[in-house]
Amino acid sequence: MFVTDFRKEFYETVHNQRVLLFVASDVDALCACKILQALFQCDHVQYTLVPVSGWQELETAYLEHKEQIKLLIKQEDDLEVPAYDDIFRDEAEDEDLSDSDGDGSEPSEKRTRLEEEIVERNRKRRQRREWEARRKDILFDYEQYEYYGTSSAMVMFDLAWMMSKDLNDMLWWAIVGLTDQWVHDKITQMKYVTDVGILQRHVSRHNHRNEAEENMLSVDCTRISFEYDLCLVLYQHWSLHESLYNTSYTAARFKLWSVHGQKRLQEFLADMGLPLKQVKQKFQSMDVSLKGNLREMIEESANKFGMKDMRVQTFSIQFGFKHKFLASDVVFATMSLMESPEKDGSGTDHFIQALDSLSRSNLDKLYLGLELAKKHLQATQQTIASCLCTNLVTSQGPFLYCSLMEGTPDVTLFSKPASLSLLSRHLLKSFVYSTKNRRCKLLPLVMAAPLSVEQGTVTVVGIPPETDSSDRKNFFGRAFEKAAESTSSRTLHNYFDLSVIELKAEDRSKFLDALVSLLS
C-alpha cells in the first residue's frame, strides 16, 4: 500500500496492536528500528522483532505470520516514484468496459444510440491501450535502475518529531542512518548535504544550552555537535598514519599500493611538519599542541597535493568527557559487527550485537565493533593493492571485471554483500586513479568473490561508474536478471540490494558473456 501520512496511516494503525517488525541487515535499517523501538516503548506497544537478510527470509517470516499481518509497508524511494494513476486503474473502469461489450449484443431501439455506444467503447479501448503502453514504458524506466531515497532512520525520526516524542538518542540514530547512506555511496553529495542541513536544525534545537544549564548537567550526558571534520576513517580511535593508509580517498589519491605512492605520503606528512613518531602513535596520545590545529594543517597540505575534499560536513556524539565518536565511526563499527566473519555466532546473533552497539549503555560492543572495523578496512586496502599490483581488474568491453580467487586472504569477509560492495567501490576508485586508459575511467565494475566452496557459488556485485556527476543509479540489478534468463544461469536474486546476486561458479563464463552482449 502507498502511505502518504506516516502518523495516521502507519503509527496510529499499529500502536494498539501487537506489532511484527521485519528489519533488514543494514545500518540504516537498524537505526530506523531503534527509533521505532523507542516509540513503541514510549506508548507501551508490544512487538516482535524479526531480522531478515533477504527476500527468502522475508517471505518465510511473512508466511509464518500472514494470518496476523494487517499492514505491510515497503518504503518506496522518494525519487521519481510513478504517479498512482499511471500504474493502477480502478476495477470499476474495467467493469464498465466489459459491461459495454455485453450491451453491444443487445438490440437497440435507436441506431444512433448504438453507434454512439460503439464510438464510446472504441474510445475507451484506445485509451486503455495507450494507458497500458505508457504504463509499460514508465515501469521499464522505473525498474531498470536501482537507487535510494531518504534514509529510513530519518523518516522514522520525522515521525517521532511530528508526535513530539523525539529524543537526542533518536536524533543520533537518524544521523547514523544518513551517514550510512553517504559512506556506501547510496545517495548523491547534494542529497547528503541537504539532509545534513535538515538534521543540523534538529541538533541545534536539542543541544542548545546556556552556561547555567551546562553547569547543571551530568558529566556523562549526551551531546551531539555538528562538525566540519576530516574524512579520514576512524582517525580519532586509530593512529593518523593508519587512517591515511586505510581511507579510500587518500589511498587512491596517493596510490599507496605503489612505492612511489608511499613516498608521496611521506612528503605529505613532511609538508605538515608532523614527526613520524607522533603520526604513528594513537591519536589520543598525540601532543595536545599538534591536535589543536591538526584539521587545518591537514587541509592546507592536502590542497597542495590536489586533494580538495579532505573535510566533510558530519556530526559527532560525546558521552561525558571520555567517549567521543563521529557518525562514520559508528557506521563502520556497526557494519563490521553485523558482517563479522567469525564462526562463533549465527547471523541473528551478529544482528543483535550490531543493534545493541547503537545503545549508549553498550559502549563496550561499540568499541569491539571499532576494532573489527579496523581489521576490515586494512583487509580492504590490502586486497585492493593485491588486485591492482597483479592486474586482476580487466576490461570486458562495456564494464571492468575482477574476481577474487579462493584462498585469497580475508576472502570470507568479502562474501558478505555490504563488505563486497564497499570493497568494489573502493577498488573502482583506486583503479580510476591508477589507469591511464581514459575509456576505462568511465566504465562500471563487476566483481565476484567465493561464497561457498561446498555449493560452488560466488557472490557477484555490480558498481556504477566512478564519476563526479554520478546520480548513484545502479542498472546492474535488471542487467543481471536479463543475463541469467537468457543463459539459464543458476542465480539467486535474494538480496534487497538487487545489484548483488549469488551465482553458480560453473555458470560464470556464460553469464559474463551474456552480460557483455547485453551492455554492449
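The values are calculated or read from the model by the stated rules, or taken from the named source; none is laboratory data. On a predicted model such as this, the values are computed, not experimentally measured, just so you know. With ideal geometry, Cβ positions are generated from the backbone for all residues, glycine too; neighbour counts draw on all protein chains shown. Accessible surface is based on the protein model in full, side chains and every heavy atom, while ligands, DNA and RNA are left aside. Shrake-Rupley method; radii C 1.70, N 1.55, O 1.52, S 1.80 Å.
Annotations
- Residue check, ALA373 assigned by the TED database to the domain that holds ALA252, of a type outside the set (Phe, Trp, Tyr) and buried (at least 21 other Cβ atoms within 10 Å of the Cβ): yes
- In the set (1) within 21 Å of the chain's Cα centre (by Cα); (2) closer than 23 Å to PHE325 by Cβ, GLY347 fails one condition alone, (2).
Residues checked against (1) closer than 28 Å to VAL27 by Cβ; (2) touching a His at 6+ places or on another chain (Cβ under 7 Å); (3) at pLDDT below 90; (4) not hydrophobic (A, V, I, L, M, F, W, C):
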| site | (1), (2), (3), (4) |
| --- | --- |
| GLN381 | yes, no, no, yes |
| GLU406 | no, no, yes, yes |
| VAL411 | yes, no, yes, no |
| LEU427 | yes, no, no, no |
| THR435 | no, no, yes, yes |
| PRO444 | yes, no, no, yes |
| VAL453 | no, no, yes, no |
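- Filtered residue count, the range 300-331, keeping only those that are in contact (Cβ under 8 Å) with a residue 40 or more places away in the chain and open to solvent by 20 Å² or more (accessible area, probe 1.4 Å): 11
- Of all the residues in the range 483-511, those that are farther than 18 Å from ALA418 by Cα and surrounded by 14 or more Cβ atoms within 10 Å (Cβ to Cβ) number 13.
- Whenever a residue of the range 385-401 is on the phi > 0 side of the Ramachandran plot, its partners that are at pLDDT below 90, lying with C-beta atoms within less than 7 angstrom and at least six residues away or across chains, give the pairs GLY397/SER520.
- Out of ALA418, ALA449, one residue alone is in contact (Cβ under 8 Å) with a residue 24 or more places away in the chain and either open to solvent by less than 10 Å² (accessible area, probe 1.4 Å) or assigned by the TED database to the domain that holds SER25 (or both). It is ALA449.
- Where VAL460 falls short, out of the listed (1) surrounded by 17 or more Cβ atoms within 10 Å (Cβ to Cβ); (2) of a type outside the set (S, T, N, Q); (3) more than 18 Å from the chain's Cα centre (by Cα): (3)
- Flag for LYS441 being of a type outside the set (S, T, N, Q), open to solvent by 30 Å² or more (accessible area, probe 1.4 Å) and either closer than 25 Å to PHE254 by Cα or not assigned by the TED database to the domain that holds LEU515 (or both): yes
So that you can scan it fast, the table gives a plain yes or no per residue for (1) buried (at least 17 other Cβ atoms within 10 Å of the Cβ); (2) among the polar types (S, T, N, Q); (3) under 17 Å from LEU159 (Cα atoms):
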site	(1), (2), (3)
ARG7	no, no, yes
PHE22	yes, no, no
ASP26	yes, no, no
LEU30	yes, no, yes
PHE40	yes, no, yes
PRO51	yes, no, no
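- When ARG223 is tested against the conditions (1) modelled with pLDDT of 90 or more; (2) over 21 Å from LEU30 (Cα atoms), the lone failure is (1).
- Filter pass, HIS184 being modelled with pLDDT under 90, surrounded by 14 or more Cβ atoms within 10 Å (Cβ to Cβ) and not small (Gly, Ala, Ser): no
- As a summary of the residue check, LEU368 satisfies the conditions (1) farther than 26 Å from LYS34 by Cα; (2) open to solvent by 10 Å² or more (accessible area, probe 1.4 Å); (3) assigned by the TED database to the domain that holds ARG223 except for the one numbered (1).
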